[in-house]
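*Asks:* Handing you this structure, nothing more for now.
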Amino acid sequence: QQLVVKNITSYNQQLIDKLNKPHQFWQTQPMPNINEMDKLLPGPIQQGVLAEVRKDPLNLIDKFEWFNVDLRNEEQAQQVYTLLKENYVEDDDNMFRFDYSIDFLRWALLPPGQYSDWLIGVRVNQKLVGFITGIPVTLYIENEQNKIKMTEINFLCVHKKIRANRLAPVLIKEITRRVHIKNMWQAVYTAGIVVPTPISQTRYYHRSLNAKKLIEVGFSSLSARQTISRQQKLYKLPEEPKTPGLRPMKKKDVAQVTKLLNDYLKNFKLYFKYSEEEVKHWFLPRKDVISTYVVEKEQGVVTDFLSFYNLPSQVIKNPKHTHLRAAYSYYNVATQTPIVQLMYDALILAKNEGYDVFNALDIMDNDKFLKELMFCPGDGQLNYYLYNWKLESNMLKPEEIGIVLV
Ligand SMILES: CNCCCN(C)c1ncc(F)c(N2CC(C(=O)NCc3cnc4ccccn34)C2)n1
């Protein structure tokens with residue numbers, strides 16, 4: 001009886017704290033907040049001092065221990081996969097949960113130049129209960145001059161059974177410390193939730209590829225006048241892509257794809273510059289992870305390319321389906337082929353690869369094809385964040401964003 005009362009009291013107290021001081025942790029971080037927005041000068045909010053960075057890991061509560069995850073090790077990769085599969089991001093109605101595969105995680109988290117202590121796990125009795133990751137990136141912010149080496153943060157996850165232990169802020173502080181030790185002072189990340197303070201608020205759009213399944217899993221719903229067969233006709237696609245010379249990317253295309261990509265991305269206010277090594281890693285096709293197709297004209301000239309990544313969602317409770325197969329638009333560069341035609345071919349290719357839905361954010365030039373190709377706006381908002389950096393402009397429009405985080 002006593003214990004129950006104690007737990008309810010502490011839980012209620014946490015709710016009261018949340019209401020009184022929302023984002024308690026984020027108010028302590030170098031992020032622009034609404035009222036001081038105009039006082040801050042563009043650039044770093046806090047100047048980092050390398051000599052002052054704590055050399056040892058932050059303290060953890062009893063029985064919890066830090067653990068550098070080696071994703072190349074099958075057993076450790078399995079532990080990360082299972083933690084995310086069971087405890088990572090869900091939609092608001094808890095109908096779907098991301099099911100990132102091991103091959104996908106190795107693609108996303110083992111890029112060129114990765115640091116072995118930036119894949120951070122927390123274990124209790126050898127069981128993984130917490131995770132957070134960083135990868136090194138060079139981000140261009142608002143112009144060619146602001147070329148900042150920083151970290152891209154992702155996969156923050158705490159096991160459902162040990163939430164409200166304030167472990168997430170400790171994971172964030174620890175990876176911040178390990179980034180500071182490398183003399184890097186900024187970070188970029190995205191999240192479906194709003195915490196202080198987004199630099200851009202983007203929206204997901206969805207293009208149905210398998211209307212019947214989307215209705216069966218509850219991703220789409222039928223209004224009174226709609227029927228499944230009418231939906232299937234509406235979203236029907238040709239068997240084969242239209243663009244002549246469209247084919248899967250190969251190693252020999254790396255130099256041309258690198259040029260096309262870097263020239264395209266400099267149009268935006270937030271973008272990465274890719275070496276050929278990085279293009280090999282991020283764009284060469286990997287089965288069930290990343291698909292990239294190039295348009296090759298005469299004499300082997302590549303004029304366009306499209307790419308999408310595979311991120312299935314577990315359908316949490318459904319008698320008929322265990323997974324929703326979703327393709328997510330990655331980077332698409334159209335210099336000769338009309339962007340609408342290139343993306344129409346992307347839909348056909350994704351449908352033929354077995355996807356149920358094709359997702360895209362309203363970033364880059366995506367709004368040029370979203371409506372025409374019958375994408376529908378989703379309920380999912382994706383917020384972009386920059387840690388310890390004040391922009392010249394308070395917010396960026398989605399079409400000014402040139403980076404996709406998986
Ligand atoms: C760096 N990491 C950010 C990317 C993680 N990504 C892909 C993500 N972050 C927040 C979202 F809001 C979101 N959405 C895709 C849209 C969608 O499909 N919504 C229905 C749905 C199906 N499955 C799931 C699983 C979780 C959440 C919503 N789900 C909304 N995607």
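Nothing in this text is a laboratory measurement; each read-out follows from the coordinates by a stated rule. Values in this document were obtained by computation on a predicted structure and should not be read as measured data. So basically every Cβ, Gly included, is an ideal-geometry build from the backbone, and we count neighbours across all protein chains shown.
*Asks:* Quote the FRET efficiency, to the nearest 0.05, computed for T28 versus Q2 with a Förster distance R0 of 22 Å and r equal to the Cβ-Cβ distance.
*Replies:* 0.05
*Asks:* Quick check on the exposure proxy: order H321, H281, H206 from fewest to most C-beta atoms within 10 angstrom.
*Replies:* Values: H321 14, H281 18, H206 22.
Ascending Cβ contact count within 10 Å gives the list H321, H281, H206.
*Asks:* If you place +1 on the Cβ of every Lys and Arg, -1 on the Cβ of every Asp and Glu, and leave all else neutral, what size is the dipole of the stretch 131-190 about its Cα centre, to the nearest 20 Debye? Working shown, then result.
*Replies:* Details: 10 positive and 4 negative charges, 96 e Å.
Computed charge dipole of the stretch 131-190: roughly 460 debye.
*Asks:* Give me the compactness ratio for the stretch 237-362, meaning the Cα radius of gyration over 2.2 N^0.38 Å. Don't skip to the answer; put the middle values down first.
*Replies:* Numbers: Rg = 15.3 Å, N = 126, 2.2 N^0.38 = 13.8 Å.
Dividing the Cα radius of gyration by 2.2 N^0.38 Å gives 1.11.
*Asks:* Still on this structure, please answer the following. Cut-off is 10 Å between beta-carbons; in what order do V357, V289 appear when sorted fewest neighbours first? List each step's numbers first, then the result.
*Replies:* Values: V357 25, V289 19.
Ascending Cβ contact count within 10 Å gives the list V289, V357.
*Asks:* Still on this structure, I have one more. Taking the stretch 1-158, how many lysine pairs are there with alpha carbons less than 26 Å apart, if each pair must be eight or more places apart or span two chains?
*Replies:* 12
*Asks:* Once phi is turned into θ = phi - 60°, what whole-Hz ³J(HN,Hα) does the Karplus curve with 6.51, -1.76 and 1.60 give for every residue of the stretch 287-292, x standing for Gly and Pro?
*Replies:* 3, 6, 10, 9, 10, 10
*Asks:* Which whole-number percent gives the relative contact order of the chain, counting Cα pairs below 8 Å spaced six or more residues apart? Don't jump to the answer; show the numbers that get you there.
*Replies:* Details: 731 pairs, mean separation 90.0, N = 406.
Over the chain, the number comes to 22 percent.
*Asks:* So how long is each side of the stretch 217-260 along the principal axes, counting just the alpha-carbon atoms, biggest first, in Å?
*Replies:* 52, 22, 17
*Asks:* Measuring from the lowest to the highest alpha carbon on each principal axis, how far does the stretch 55-192 reach, largest first, in angstroms?
*Replies:* Extents along the principal axes, in whole Å: 45, 37, 30.
*Asks:* So for S329, S220, fewest C-beta neighbours within 10 Å to most, what's the order? Don't skip to the answer; put the middle values down first.
*Replies:* On the way: S329 25, S220 20.
Fewest to most other Cβ atoms nearby, the residues stand as S220, S329.
*Asks:* Taking the Cβ of I363 as the center, what net charge do the other residues with Cβ under 12 Å away carry, scoring Lys and Arg +1 and Asp and Glu -1?
*Replies:* Details: positive: R203, K269, K368, K397; negative: D362, D365, D367, E399, E400.
Net of charged neighbours comes to -1.
*Asks:* May I ask what percent, to the nearest 5, of DSSP beta bridges between residues of the stretch 81-227 are antiparallel? Numbers along the way, then the final one.
*Replies:* Numbers: 17 of 19 bridges.
Of the beta bridges lying entirely in the stretch 81-227, close to 90 percent run antiparallel.
*Asks:* Provide, for q = 0.07, 0.14 Å⁻¹, the log10 of I(q)/I(0) from a solvent-free Debye sum over equal Cα point scatterers in the chain.
*Replies:* After summing over all Cα pairs, the log10 values are -0.36, -1.43.
*Asks:* Under 17 Å Cα-Cα from K320, which lysines qualify once same-chain neighbours fewer than 8 residues away are excluded?
*Replies:* Qualifying lysines at Cα under 17 Å: K212, K213.
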